[in-house]
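Since the structure comes first, as structure tokens, the remarks are kept for the end.
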Amino acid sequence: MVTVERLRADHAPALLAFERENRAWFARSIPDRGDAYFAEFDERHRVLLAEQEAGLRHFHVVLDGDGELVGRVNLVRADEDGHELGYRVAERAAGRGVATAAVAEVCRLAADAYGLTELRAVTTVDNRASRAVLERNAFETVGTLTLTGRPGLRYRRLLTPP
């Protein structure tokens, strides 16, 4: 159904197109990245790849059965105790299990390839789709917070090493 690939330099054009095409869709549930994100995309992409190469972060693209980029899943070091999971899928792929499958694969990679033992995530209470993705992937609610001025939930998943 979907393939998850580690972010590479040659993903840049498709990733930028994905972000542009879905900008309004994403802004309905999360803060907009702003115009600077798009204007400085090439440099930002190079920085992300350098951070990934240094082992600080893990970035992934999600491809559909036709090889089209339909999502991304990122692992960003939150602090010395763990990484935070973030994800987004294209509007045309929403509601098809893409996010659930991609998050499952990145959780597997986090344990098996990156040696991580815990992942965290946050979402707003009203983002039912995001909550469902996390819960289907064995994330447990561990607290509350205010996220972009809205009530939110903190999640955690302990990973089992191979």
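Summary of computed values
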read-out: One residue from V73, V62, V89, V98 being within 15 Å of the chain's Cα centre (by Cα), closer than 22 Å to V142 by Cβ and not acidic (D, E); value: V73
read-out: Where L7 falls short, out of the listed (1) within 21 Å of T124 (Cα to Cα); (2) of a type outside the set (S, T, Y); (3) open to solvent by less than 30 Å² (accessible area, probe 1.4 Å); value: (1)
read-out: Single unsatisfied condition, E21 versus (1) within 16 Å of the chain's Cα centre (by Cα); (2) closer than 14 Å to E91 by Cα; value: (1)
read-out: Selected residue (criterion: least open to solvent (accessible area, probe 1.4 Å)) from residues of the range 55-80 that are more than 17 Å from A104 (Cα to Cα) and in contact with a Leu (Cβ under 7 Å, 6 or more places away or on another chain); value: L69
read-out: Where V61 falls short, out of the listed (1) at positive phi; (2) part of a strand (DSSP E or B); value: (1)
read-out: Matching residues, the range 92-135, being among the acidic types (D, E) and in contact with an Asp or Glu (Cβ under 8 Å, 6 or more places away or on another chain); value: E118
read-out: Filter result (within 19 Å of V89 (Cα to Cα) and open to solvent by less than 60 Å² (accessible area, probe 1.4 Å)) within the range 31-47; value: G34, Y37, F38, F41, H45
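The values are calculated or read from the model by the stated rules, or taken from the named source; none is laboratory data. The structure displayed is predicted, hence computed values, not measured ones. All Cβ positions, glycine included, derive from the backbone under ideal geometry; neighbour counts span all protein chains shown. These accessible areas exclude ligands, DNA and RNA; they are computed on the full protein's heavy atoms, side chains included. Shrake-Rupley method; radii C 1.70, N 1.55, O 1.52, S 1.80 Å.
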